[in-house]
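Engineer: Have a look at this one before I ask anything.
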Amino acid sequence: MTTTEVDPRQAATPAGARRRRRGRGATRAHPALLLFPLPALAIYVVFFAIPTVQAVQYAVTDWDGFSATFSNVGADNFRRIFTADDLFANALLNNVKFMLVVVVFQTAFALLLAVLLVKNSRGSILLRALFFFPTILSSVSVAFIWKFIYDPNFGLGNRVLDGVGLDVQLAYLGEASTAIYWVALTQVWFHAGQMMVIFVAGLQAVPAELYEAAELDGAGRWAQFRHITWPMIAPATAIVVAYTTIQSFKAFDLILGLGGNPPKFSLDILSTRIYTSFANSEFGYAAAESLVFMAVIAAIVVAQRRVLRLTQKDV
Amino acid sequence: MRFSPIRSVVLAVYALLVVVPLVVVVFGSFKTTPELFESPFGLPSSLSLRNYEIVLGEQNLDQAFFNSVVVTAASVALTLFVASLAAYGIARTPGWKGWLIFGFLVLGMSVPAQANMIPQYVLFDVLGLLDSRLGLVAINVVVGLPVAVFILGGFMKTIPREAYEASAIDGAGPFRTYWSVIMPMSLPSVAATAIFLFVIQWNDLLYPLLFIRSPELKTLPLALLEFQGEFLTDYPLLFTGVVIASLPIVVAYVLLQRYFVAGMTSGAVKG
């Protein structure tokens, strides 16, 4: 980087330069500075990086977590995951359903709220603070709140349906085929406000002149959104979508809170599945599952980036 | 504005969707089960603290509360200290070396907990750190480091070189410069990181679930989760637990709202 520029100080004899620098005492980084990242690096390598690599080693064994001996089973764990494990397939399917609903609805809803609350008026600021609020609660707390909403006999949900004169009573989490979508709704309530804040920051960075010019050209509200807002907030959208995806694969605590531990079949997702394998002392197998889990997340995030970029390119 | 009426309706409906469940929970924590089922939305008939006595006394949530406070406070402080030291060193290490250290540490943000929790469990077992508050603090520091370095490092890199140099000219060594110049200048980002870590670590369920066996060492989320089996549909008791577990974080949110939004969105920028 610096080689192309001729620094007059560097042009002096090295010894002279060094002496002058030492005299000023400041421009050169103090050698002790290299020590500052050391504690973080040591902790990170020993407790984070090495265990991550070890997960790969475990994944090809049948270790149960406490036996002194175990054998190398090669790709058997992976073969079992992909061909012979209905529980894993079920968790993967549940997780994908959950993720799709959360990503689509939470992103759209967060963006809608952000558009409505983009101006920094008193009311908007207050509402943003309110909508953000659920995010700071623990997942277990949120799960308990929604457990009551979803209670088929005494819950708020059916009471409200009754109150507005609808003659329907829902089973919510009790109906296996749709249970995961009710958890998805809870997740949207939980985190839409957090994503709204990211969108508000993105929207506020769009220069107002663009809208003024479009207005002069007679562009309607939708055209303005489609051709100015949507492309301009592309970075915010990418962040929101990627983060929401990862969040929906990590919705571990919410599932345990709503679906029990271990969760019901209809509510089991990948992170809870891995935990259950681990709790059943299938360490090797759980490690293999966790690698597949990582690969699934990575593949989905990459695919989403592609899709998003396609919609944003056409301005 | 053209969409003004629709706007008001959408916002009002959503505001109700957020507020009503929270109000039901807080009111519910003062009710008996029949009273809650009878009128979930109504004010409690009396401010009876019976549920709180049961939850804090008989159910020992006071112990869990204490554990959560100790573990979270120590975890946040330690993570901040180690991460800010690293961020400072990185910001002062010019060129590719700084970027390499930064990139390596920050890479950890893209590794989900499930990916390395099993070897971590084994390692903590070997070190005798399972089933202890110290072990929880240690794992919190490990897991919190990447994102903390990410936020703090990003900020410290934007501090002008002159700030570092002026301090050195005044004869301050690197640690002094870190402690008396750079940390005070980085206060907004330190606060945002602290809040982010506080929320994550206070609410964490995974690691207590993995590590803790002894009832007297459980943190709030774990203690709450185990309520569920016990009081299946005793919602007032569950709600009381929710209120107790949420109280510190709600108070902090009201007082430090600006930092919450900053912290929890800079933490979110980790796709």
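Per-residue answers, yes or no, for (1) free of Cβ contacts under 8 Å to residues at least 12 places away in the same chain; (2) among the β-branched types (Val, Ile, Thr); (3) closer than 27 Å to A:THR178 by Cα:
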{"site": "A:LEU258", "(1), (2), (3)": "no, no, yes"}
{"site": "A:LEU267", "(1), (2), (3)": "no, no, yes"}
{"site": "A:SER281", "(1), (2), (3)": "no, no, no"}
{"site": "A:GLU289", "(1), (2), (3)": "no, no, yes"}
{"site": "A:ARG305", "(1), (2), (3)": "no, no, no"}
{"site": "A:THR311", "(1), (2), (3)": "no, yes, no"}
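Engineer: In the stretch A:188-207, is there at least one residue being polar (S, T, N, Q) and in contact with a Ser or Thr (Cβ under 6 Å, 6 or more places away or on another chain)?
Structural biologist: yes
Engineer: Further question on the same structure: Within 18 Å of A:LEU100 (Cα to Cα), at pLDDT 85 or above and either in contact with a Phe, Trp or Tyr (Cβ under 9 Å, 6 or more places away or on another chain) or of a type in the set (A, V, I, L, M, F, W, C) (or both): is that true of A:PHE190 in this structure?
Structural biologist: Criteria met by A:PHE190.
Engineer: When residues of the stretch B:103-147 are filtered for being more than 9 Å from chain A (Cβ to nearest Cβ) and of a type in the set (Gly, Ala, Ser), how many remain?
Structural biologist: Total satisfying the criteria: 5.
Engineer: Hey, among A:THR178, A:THR135, which residue is farther than 20 Å from A:ALA236 by Cα and either surrounded by 15 or more Cβ atoms within 10 Å (Cβ to Cβ) or without any contact (Cβ under 8 Å) to a residue 60 or more places away in the chain (or both)?
Structural biologist: The match here is A:THR178.
Engineer: In the stretch B:228-263, how many residues are surrounded by fewer than 23 Cβ atoms within 10 Å (Cβ to Cβ) and among the aromatic types (Phe, Trp, Tyr)?
Structural biologist: Residues in the stretch B:228-263 being surrounded by fewer than 23 Cβ atoms within 10 Å (Cβ to Cβ) and among the aromatic types (Phe, Trp, Tyr): 3 in total.
Engineer: If B:THR219 satisfies every condition in (1) more than 19 Å from B:LYS31 (Cα to Cα); (2) out of contact with any Lys or Arg (no Cβ under 9 Å at 6 or more places or on another chain); (3) buried (at least 23 other Cβ atoms within 10 Å of the Cβ) but one, which is the exception?
Structural biologist: (2)
Engineer: Please give the helices (runs of 4 or more DSSP H) falling wholly within the stretch A:89-168 in which 1 or more residues are over 30 Å from B:THR219 (Cβ atoms).
Structural biologist: A:122-132, A:156-163
Engineer: Do we find that A:VAL140 is at negative phi and either over 19 Å from the mean Cα position of the chain (by Cα) or buried (at least 20 other Cβ atoms within 10 Å of the Cβ) (or both) in this structure?
Structural biologist: For A:VAL140, the condition - at negative phi and either over 19 Å from the mean Cα position of the chain (by Cα) or buried (at least 20 other Cβ atoms within 10 Å of the Cβ) (or both) - is met.
Engineer: Next question, about the same structure. If the requirement is being small (Gly, Ala, Ser) and under 23 Å from A:THR135 (Cα atoms), which of these qualifies: B:SER180, B:SER167, B:SER189, B:SER132?
Structural biologist: Step by step, each of B:SER180, B:SER167, B:SER189, B:SER132 is checked, and only B:SER189 is small (Gly, Ala, Ser) and under 23 Å from A:THR135 (Cα atoms).
Engineer: Continuing with the same structure: List the residue pairs whose Cβ atoms are under 6 Å apart, where the first residue sits in the stretch A:98-125 and is within 13 Å of another protein chain (Cβ to nearest Cβ), the second is of a type in the set (Ser, Thr, Tyr) and part of a helix (DSSP H, G or I), and the two are 6 or more positions apart or on different chains.
Structural biologist: Correct list of pairs: A:VAL103/A:THR244; A:VAL103/A:THR245; A:GLN106/A:THR244; A:LEU117/A:SER124.
Engineer: Identify, please: which residue in the stretch B:91-132 is assigned to a helix (DSSP H, G or I) and among the small types (Gly, Ala, Ser) and is, among those, farthest from B:TYR178 (Cα to Cα)?
Structural biologist: Going through the qualifying residues, I end up with B:ALA115.
The values are calculated or read from the model by the stated rules, or taken from the named source; none is laboratory data. Not measured: the values here are computed from a predicted model. Methodologically, a virtual Cβ is constructed for each residue, glycine included, from the backbone with ideal geometry; neighbour enumeration extends over all protein chains shown.
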